[in-house]
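A.B. asks: Pasting a structure below so you can have a look.
The values are calculated or read from the model by the stated rules, or taken from the named source; none is laboratory data. Worth saying up front: this structure is predicted, and the values here are computed from it rather than measured. Quick reminder, even Gly has a Cβ in these numbers, built from the backbone with ideal geometry, and neighbours come from all protein chains shown. Protein only, heavy atoms only, side chains kept; ligands, DNA and RNA dropped before computing areas. Shrake-Rupley method; radii C 1.70, N 1.55, O 1.52, S 1.80 Å.
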Amino acid sequence: MLETLLPILIFSALALAALGASRRVRLWRQGRPSSVPILKGLAAMPRRYLVDLHHVVGRDKVMSNTHVATAGGFVAAAVLMILVHGLGLGSSESMGPILGGLLLAASAAMFVGSRFVARRRRNPPARLSRGPWMRLPRSLMAFSGGVFLATLPTLGLLPDDFGSGVLALMLAAVVVWGLGEMVFGMTWGGPMKHAFAGALHLAFHRRPERFSSKQGGRRSTGLKALDLDDETAPLGVGTPSDFTWNQLLGFDACVQCGRCEAVCPAFAAGQPLNPKKLIQDMVVGLSGGSDASYTGSPHPGKPVGEHYGTPYGPIVGLAGQALVDAETLWSCTTCRACVEECPMMIEHVDAIVDMRRHLTLERGQTPNKGAGVLDNLIATDNPGGFDPGSRLHWAADLNLPLMADVKQAEVLLWLGDGAFDMRNQRTLRALVKVLRVAEVEFAVLGTEERDSGDVARRLGDEATFQRLARRNIATLSKYRFQRIVTCDPHSFHVLGNEYGELAEPGIPAQYEVRHHSTFIAELYDAGRLAFAPWKGGRVTYHDPCYLGRYNGEYEAPRRVLKALGIELKEMERSGFRSRCCGGGGGAPITDIPGERRIPDMRMNDVKESGAGLVAVGCPQCTAMLEGVVDASAEVRDIAELVADALVEPPSVNATGSPREPVVKATAEEVL
Amino acid sequence: MQPEQQGLEVAVLVSVGRHPITGRARRAEQDARGVELALTLASELPGTRINVLHAGQQDINSEVALRGYLGMGLNSLTLLEQPEGSDAIAALAAYLTKALPPLVLTGTRAECGEGSGLLPYALAERLGWPLVNGLAAVETIENGVVTLLQALPRGQRRRLKVRLPAIVSVDEAGPVARQSAFGPARRAKFIVTSAIHEPDRELTQWHLAPARKRPKRLKIVKAASARDRFKAAASKAGGKSGQVLSDVTPEQGAVAILKLLEEEDVLR
């Protein structure tokens, strides 16, 4: 009986799955067009899965092995099951035993894997969703166990008459359960949807450049520009269907593992943002309905079940509630911790900025000080509304060479808007001192410099960003320099990663940009700087998001600190897992209230590391961390520490050769 | 607020503003507050039509500034096109006499040009309409009578009933203008009509020079404690020598003002 029943079950499950898949594809295609190479993407998919995805999943070894056994076992078992039971190859003389044996092995591996899935579900951490996800381990065991048992008679390991009677009926019921979850549920919105949507999402990812190739890993963190010349193109995302189809596909790939939730600084601070819930809100939006069936942690302070949406309805309600509240979108600090942790490679920050663009450009609803800051950027080219002519007042006594006078220099020192901030002016003065001691030939743009556009862009005002960027590009094109050095990672990121897209024909906008810590490390390696030994206390280092996660520079600041003779006390969350200071993405401007403040939590991390001084490399981080009341640690920029430790450099001519580079000390990952 | 039976038309006069630090063209602060008042009125009184008027020439600078108003959520702006150096008052008066909007809102003083703050008065004189300055809020509009809150110094408010049509000017007491959004600003249309060209004769006789910083009278506070300093900062300034004149003839009032100006060395 099983022999006749199994092929029917398998093929009807497959047919229903195909129907569900076409329905799901239609849902994704409600999004706007986006051109991705379809065949090339599909061809690259296995590598993206096996290398890039597993690089992220592999940070949790137990879960990684569990997934390899379960998913690998399932894929193999499903293919073999179709061959053995579906096409009846199991009864063939030559192939039967081999295929059947392999099927037994695959389903056994999957069964073992699903035992580990079940173990994790016994006391699931808060970040995991419950609901249908709680039944998944049982479904996995039903599928693998059912297939295993049903294969035994085929191989003659059980008597043939096992295939009839009550036992066989029960076995068939178990197989139906397994097939229902694993095959039917995959395309009809069950937990296994992540496998179907996830595989296609990897193939058609909107940032194909972020995946590693055989030449090595790459990084793609710059926001994509809006086409402002096309007056019919929507300005940002107002309804779920305004996302591109592959963004919608990406949301659908979410496996609700909650790793994003666990690292999100806004969520930890009790601000109304949970990245996992936000992605699930988008899934609700693309299929239409209410979020009542969501079973994970909500956006803090926002009960589940009150929000609803449709593919063509507004995401943020014009009056009252819709899919998402505006505060949720404005809570994000764009620190990219969620993107870094997401095993499905979902781009949360892109989606949030897309929705912010709609709020700012179409509705004029940038909250709190946002509108004022944008007005200032438009009128004075800096967010504080200061006289642009006073940009160099802090350096009145430093006699800085101006690009307008010298026309060319080895290094263009980009000051950033910290030039108007008295705290950051100390950092800048320290950096100038270091550059002078190392005899670097540098110049500044002075009053020709404008805000890089970082804040405007992250507040959603793409128009102001592009205006500022184009003017900066035009200014930079007038002068010749080898590289730009800046102590502001936000300017660093925007100049290095986001201006390139705005280049006009004949005016390239590709710059070699260095963070000051990288540049100081290079100067030290070249023997142009020498430091007195460190006499202070214990020091820790806070990785700025826009330097670390956005640009992958974890090492140079640590090399500089080591060169200073400092032995770092790393915080629990450092390196690529560094926790945001709360200063990015315009979050201090939009200032969405929470239960705690993000910089307070970060300063607490510093305290737990036992350090009395925290070294930083970003004006935003300095401002946020120094704003902590009753802080246990002092906040100093790397440039200040270096400037304080400077001693006469050893004569380069006397020693003859530059010093050997310091042994590379990468940040240790603490899992 | 009681809804008016038929839709009310509100005309808002807007000018090209100028940023105080960089001098870049922008929506003028006070005029934008006027537009904000009109938009609030429109959301409270369904059927209200807002007609935003600007008299002047059309160039890149004025377009940037005028689109700043449109980005607040307007569909169009009526531009009474005039060559440079024309008198805006004549064009506006001619247009308003024909269109007869019951309520005209305007900023108190332009941010560039003469900036004398006389336009609302000159316009009211020419049209023969009542004028109210320092508008804080529009309360009700019933049977052709509008109830307004007028802002007085030190946060005081005065309720006024004014028969329409009327001109009402807005200053810093008006509600803060909402954010101007790029999308609506880009989509909105200019309705350009050519206006009568009457050269501004007075302007040609003026001598224009960059403004000097005017000396400010220092308020010297001798305070020993923070509490004293706070009290000094919060107290009324120079309340000792003030004088309230009531029930006096205009001549008596004028004499008193003249006397004060001479005392303060404003007139010599």
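A.B. asks: Treating the beta-carbon of each Lys and Arg as +1 and of each Asp and Glu as -1, no other charges, what is the dipole magnitude of region A:427-480 about its Cα centre, to the nearest 20 debye? Please list the in-between numbers first.
C.D. replies: On the way: 11 positive and 8 negative charges, 13 e Å.
About 60 debye.
A.B. asks: Which residue, chosen from A:L468, A:Q482, A:G385, occupies the Cα position most advanced towards the positive end of the dipole of region A:373-520, where the dipole is computed from +1 (Lys, Arg) and -1 (Asp, Glu) charges on Cβ about the Cα centre?
C.D. replies: Farthest along the dipole direction, towards plus: A:Q482.
A.B. asks: Amide H of A:V485 versus every other amide H placed in the peptide plane: which residues, excluding those fewer than 5 positions away on the same chain, fall under 5 Å?
C.D. replies: Placed amide hydrogens put A:L412, A:L413, A:W414, A:R514 under 5 Å from A:V485.
A.B. asks: While we're on this one: What is the sum of charges, Lys and Arg at +1 and Asp and Glu at -1, for the other residues whose Cβ falls under 12 Å from the Cβ of A:L228?
C.D. replies: Overall, the nearby charge balance is -2.
A.B. asks: While we're looking at this one, here's another question. Test of the criteria: in region A:477-572, which GluC sites (Glu not before Pro) are in a DSSP loop and have at most 12 other Cβ atoms within 10 angstrom of their Cβ?
C.D. replies: Numbers: sites: A:E498, A:E501, A:E512, A:E522, A:E553, A:E555, A:E567, A:E570, A:E572; in loops: A:E512, A:E553, A:E567, A:E570, A:E572.
Sites meeting the loop and neighbour criteria: A:E512, A:E567, A:E572.
A.B. asks: Principal axes first, then extents: for the Cα atoms of region A:105-248, list largest minus smallest coordinate on each axis, whole Å, largest first.
C.D. replies: Between the extreme Cα coordinates on each principal axis of region A:105-248 lie 73, 38, 32 Å.
A.B. asks: Only sites in a loop by DSSP and with at most 15 other Cβ atoms within 10 Å count here; which GluC sites (Glu not before Pro) in region A:182-264 make the cut? It would help to have the intermediate numbers written out before the result.
C.D. replies: Details: sites: A:E209, A:E231, A:E261; in loops: A:E231.
Sparse-neighbourhood loop GluC sites (Glu not before Pro): A:E231.
A.B. asks: For chain A, list the cysteines whose Cβ sits under 4.7 Å from no other cysteine Cβ?
C.D. replies: Within chain A, the cysteines lacking a partner Cβ under 4.7 Å are A:C254, A:C257, A:C264, A:C332, A:C342, A:C487.
A.B. asks: By the scheme Lys and Arg +1, Asp and Glu -1, what is the net charge of all other residues having a beta-carbon under 10 Å from that of A:L140?
C.D. replies: +2
A.B. asks: Could you state the per residue volume, in Å³, of the convex hull enclosing the Cα atoms of chain B?
C.D. replies: 193 Å³
A.B. asks: Can you compute the modelled spin-label distance between B:N143 and B:K231, with each label point 7 Å from Cα toward Cβ, in nm?
C.D. replies: 5.2 nm
A.B. asks: Here's a follow-up. Report P(r) for region A:228-366: all Cα-Cα distances, bin width 10 Å, range 0 to the bin holding the largest distance, values in whole percent.
C.D. replies: That works out to 13, 47, 35, 5, 0, in percent per bin.
A.B. asks: Would you list, by chain and number, the lysines whose Cα falls below 28 Å from the Cα of A:K369, excluding same-chain residues fewer than 8 positions away?
C.D. replies: Correct list for A:K369: A:K224, A:K276, A:K277, A:K302.
A.B. asks: Using a cut-off of 22 Å between alpha-carbon atoms, which lysines can reach B:K216, once sequence neighbours fewer than 8 places away in the same chain are excluded?
C.D. replies: Partners found: B:K231, B:K236, B:K240, B:K259.
A.B. asks: With a probe of 1.4 Å, find how much accessible area the protein assembly as shown has per residue, and write the answer as a whole number in Å².
C.D. replies: On the way: 43370 Å² over 939 residues.
I get 46 Å² per residue for the protein assembly as shown.
A.B. asks: Here is a follow-up. Distance between the C-alpha centers of region A:64-100 and region A:281-311? Whole Å please.
C.D. replies: About 38 Å separates the Cα centre of region A:64-100 from the one of region A:281-311.
A.B. asks: So, taking all protein chains as they sit and a 1.4 Å probe, how much accessible area belongs to A:R210, in Å² rounded to tens?
C.D. replies: Solvent-accessible area, nearest 10 Å²: 40 Å².
A.B. asks: Okay, next question. Could you tell me the relative contact order of chain A? Use alpha-carbon pairs under 8 Å, at least six residues apart, and round to a whole percent.
C.D. replies: Answer for chain A is 12 percent.
A.B. asks: Of A:M45, A:M282, which has the most accessible area and how do the rest follow, probe 1.4 Å?
C.D. replies: Solvent-accessible surface, decreasing: A:M45, A:M282.
A.B. asks: For region A:373-520, count the residues as N, evaluate 2.2 N^0.38 Å, and divide the Cα radius of gyration by that value, please.
C.D. replies: Numbers: Rg = 14.3 Å, N = 148, 2.2 N^0.38 = 14.7 Å.
Its radius of gyration relative to the 2.2 N^0.38 Å reference: 0.97.
A.B. asks: Which aspartates and glutamates, if any, have their Cα less than 13 Å from the Cα of B:K98, not counting same-chain residues under 8 positions apart?
C.D. replies: none
A.B. asks: Would you rank A:W330, A:W534 by solvent-accessible area, highest first, keeping every protein chain in place and using a 1.4 Å probe?
C.D. replies: So, going from the largest accessible area down, we get A:W534, A:W330.
A.B. asks: If you don't mind, there's one more thing I want to ask. For the peptides A:466-473, A:65-72, A:250-257, what is the packing order when you average, over each peptide's residues, the other Cβ atoms within 10 Å and list the highest mean first?
C.D. replies: Result, highest mean first: A:250-257, A:466-473, A:65-72.
A.B. asks: As an exercise, identify the chymotrypsin sites (Phe, Trp or Tyr not before Pro) in region B:184-261 lying in DSSP coil whose Cβ has no more than 14 other Cβ atoms within 10 Å.
C.D. replies: Taking region B:184-261 and a limit of 14 other Cβ atoms within 10 Å, the loop chymotrypsin sites (Phe, Trp or Tyr not before Pro) found are B:W206.
A.B. asks: Further question: What is the set of long-range amide H partners of A:R32 at a cut-off below 5 Å, with H atoms built 1.01 Å from backbone N?
C.D. replies: Close amide H contacts, sequence-distant or interchain: A:F243, A:T244, A:W245.
A.B. asks: Same structure again: Give me the net charge of A:E306's neighbourhood, meaning all other residues with Cβ under 10 Å from the Cβ of A:E306; Lys, Arg count +1, Asp, Glu -1.
C.D. replies: Local charge sum for A:E306: -1.
A.B. asks: In addition: If every alpha-carbon in chain A counts as one equal scatterer, what log10 I(q)/I(0) does Debye give at q = 0.07, 0.08, 0.09, 0.11 1/Å?
C.D. replies: -0.53, -0.67, -0.81, -1.11
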